[in-house]
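Below: the structure, in C-alpha cells.
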Amino acid sequence: MAGSSEEAPDYGRGVVIKDNWPGYDLNLFTYPQHYYGDLEYVLLPRGIIVDRIERLAKDIMKDLGYCDILILCVLKGGYKFCMDLVEHLKNISRNSDRFVSMKVDFIRLKSCRNDEAMDKMQIIGGDDLSTLAGKNVLIVKDLVGTGRTMKALLSSIEKYKPNMIKVASLLVKRTPGSDGFRPDYAGFEIPNLFVVGYALGYNEYFRDLNHICVISEHGKEKYRV
C-alpha cells in the first residue's frame, strides 16, 4: 500500500522547509521578464531541486531492489520532476550489474481551479489502467497537499491489482486540510504556500520557471480564470 497516515520514514518527509523560511530574493536569480511583479520570492532554486532528485533516485532504487518499474507520471506539474528522476534512475541502472527496465506512462488529474481545490478529481489520458496489473508501479507527482487526490488515484489503481505501488512527490505541503497521507518518497516538505515553477503551474502559467517560487497576489489576479 502506498503512502501512510502513520509516522513516515525520513525520506518520506524529505527536506523540511520551516514556516519562517524567508526564501531567496528574486534579484539573485534570472527568471522570465513577463513574470516580473507576479512572484514573491524563490522558495527552492533549481540546483537544490535537481540535487535532491538525484538523492531520491538513489533511495528509490535501493528500496525497490532493482526490480523492473512502470512509472506513472501525473501531468502536467510532474513532468519535469519525472524527467529528471527517470534520468537519474537510468544512470544508476547503467552503472549497476543488473539492468532495470523502466517504462513511463502519463495521466492528468484535474483537481483544482485557480488556487482552490475542486470537489471531484478527474483522471484524463493514460493507457488502460488494467495494464498495471501485476506491475511494480511508481507514481510520480509534483505536489501532495491534502492527500485526497492521491488517495482517489490510488483507489482507482489498486483495483487492477498491481504487484506494488509507491508514490514519489517532489513536494509535500503542510496544509490544515491534510488527512495525514504521506508519499513513500518526498523531495521537500514545504509550508502552506501556493508555489509555481519547475512545471508547477497556475492556470497554465509559470510552468516555464526554472525555480520553485511563491506566487504573489498580483500574479494570482493577473492570471485568474
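The values are calculated or read from the model by the stated rules, or taken from the named source; none is laboratory data. Keep in mind it's a predicted model, so treat the numbers as computed, not measured. FYI the Cβ positions are ideal-geometry reconstructions off the backbone, even for glycines, and counts take in every protein chain you see. Quick note on the areas: whole protein, heavy atoms, side chains included, nothing else; ligands and nucleic acids left out. Shrake-Rupley method; radii C 1.70, N 1.55, O 1.52, S 1.80 Å.
Quick notes
- Heavy-atom SASA rank of Tyr36, Tyr223 (probe 1.4 Å, accessible area, largest first): Tyr36, Tyr223
- Theoretical gain in end-to-end length, Tyr36 to Val104 [0.36 nm per residue, Cα-Cα removed]: 20.9 nm
- About its Cα centre, the dipole of region 136-225 is roughly 260 debye, where the only charges are +1 on Lys and Arg Cβ and -1 on Asp and Glu Cβ.
- Between 0 and 90°, nearest 10: helix 79-94 axis offset from the chain longest Cα axis: 40 degrees
- Probing with 1.4 Å while keeping every protein chain in the model, the per residue accessible area of region 131-207 equals 34 Å².
- FRET E, pair Ser156, Arg207, Förster distance 35 Å, beta-carbon r, rounded to 0.05: 0.90
- Calculated FRET value between Met83 and Phe194, using beta carbons and R₀ = 22 Å, to 0.05: 0.40
- Peptides 208-216, 180-188, 160-168 ordered by packing proxy, namely the average of other Cβ atoms within 10 Å per residue, highest first: 180-188, 208-216, 160-168.
- Amide H to amide H distances under 5 Å link Gly78 with Asp142, where only residues 5 or more positions off or on other chains count and H is placed in the peptide plane.
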